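What follows is calculated from the coordinates using simple rules that are stated; it is not laboratory data. On a predicted model such as this, the values are computed, not experimentally measured, just so you know. Here the Cβ is made from the backbone with ideal geometry for all residues, glycine too, and neighbour counts use every protein chain on show.
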Amino acid sequence: MPIVTINMLPGRDEETKKNLIENVSTAIMDTLNAPGESVRIIINEMAFEHYGVAGMPILEYREKIKAKSGG
């Protein structure tokens, strides 16, 4: 039974997540010749404060990048 865990930040709507589940499932079924009933997709939405890049919380990192680009 293939199990895929996707970790991502919150903010995507239900339709986007539905499409993600469908597309990832199809890729697994096609690649592994696995029946759809055996494929499991788990989406973990992490709180922003639980995710970091380059040694800083993601929101702080985004602000730094935004300031660098003049935005």
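Below are the figures for this structure:
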{"quantity": "Computed [θ] at 222 nm, helices only, for the chain once each DSSP H run of length n ≥ 4 contributes -39500 (n - 2.57)", "calculated": "-14000 deg cm²/dmol"}
{"quantity": "Student exercise, the chain dipole from Lys, Arg, Asp, Glu Cβ charges, in Debye to nearest 20", "calculated": "340 debye"}
{"quantity": "Between 0 and 90°, nearest 10: helix 58-68 axis offset from the chain longest Cα axis", "calculated": "50 degrees"}
{"quantity": "Derived scalar couplings ³J(HN,Hα) [the stretch 35-42; Karplus, 6.51 cos²θ - 1.76 cosθ + 1.60; whole Hz; x for Gly, Pro]", "calculated": "x, x, 5, 8, 8, 10, 10, 10"}
{"quantity": "Nonlocal amide H pairs with I43, under 5 Å, H built at 1.01 Å", "calculated": "I6"}
{"quantity": "For R12, distant residues with modelled amide H under 5 Å away", "calculated": "none"}
{"quantity": "Reach of K17 by Cα under 18 Å, taken over aspartates and glutamates that are not fewer than 8 positions away in the same chain", "calculated": "E45"}
